[in-house]
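All remarks here apply to the structure that follows.
Bear in mind that the values in this text are calculations on the coordinates, not laboratory data. Fair warning: this is a prediction, and the values are worked out from it, not measured in the lab. Here the Cβ positions follow ideal geometry from the backbone for every residue, glycine too, while neighbour counts run over all protein chains shown.
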Amino acid sequence: MVVLGVTAAAAVGAILRALITNLDGDFRQQLDGTLFVNIGGSFLLGLLASSDASTNTLAIIGVGGLGALTTFSTYISQIECINREGKTSDAVLYCIASLILGIGAAYLGWVL
């Protein structure tokens, strides 16, 4: 039953990510969308991890839903695209900002 829950939650998370990151198809919007879902997902995962949620709930929502909502592969691909455009400093800034904001959001979720 947990496997079905993880699968269903992952489907919802992936669809939400696609909707948020591709609102208008513009590359800049996709960067903003990816940053938003990764930071938001980190915050929600911090909240979930610090809660009294059961192991099954952690698996379904954390691994399934939030794991599919957030995206490491798109994040890395976007950094590479920015770098290929010759904007290495922008790529490094995007990388560092994403990491710091994501960790900070997870911590904030944890302490709330």
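The coefficient of translational diffusion for the chain, derived via Stokes-Einstein from the alpha carbon Kirkwood radius under 10 °C and 1.306 mPa s, stands at 109 µm²/s.
Taking 0.36 nm per residue of separation and subtracting the Cα-Cα distance, full extension of the segment from residue 93 to residue 23 would add 22.9 nm.
Summed over qualifying helices (DSSP H, 4 residues or more, each -39500 (n - 2.57)) and divided by its residue number, the chain shows a 222 nm mean residue ellipticity of -24500 deg cm²/dmol. For the chain, the relative contact order works out to 40 percent when only alpha carbon pairs closer than 8 Å and six or more residues apart are counted. Summarising the label geometry, the points placed 7 Å from Cα in the beta-carbon direction at residue 4 and residue 16 lie 2.2 nm from one another.
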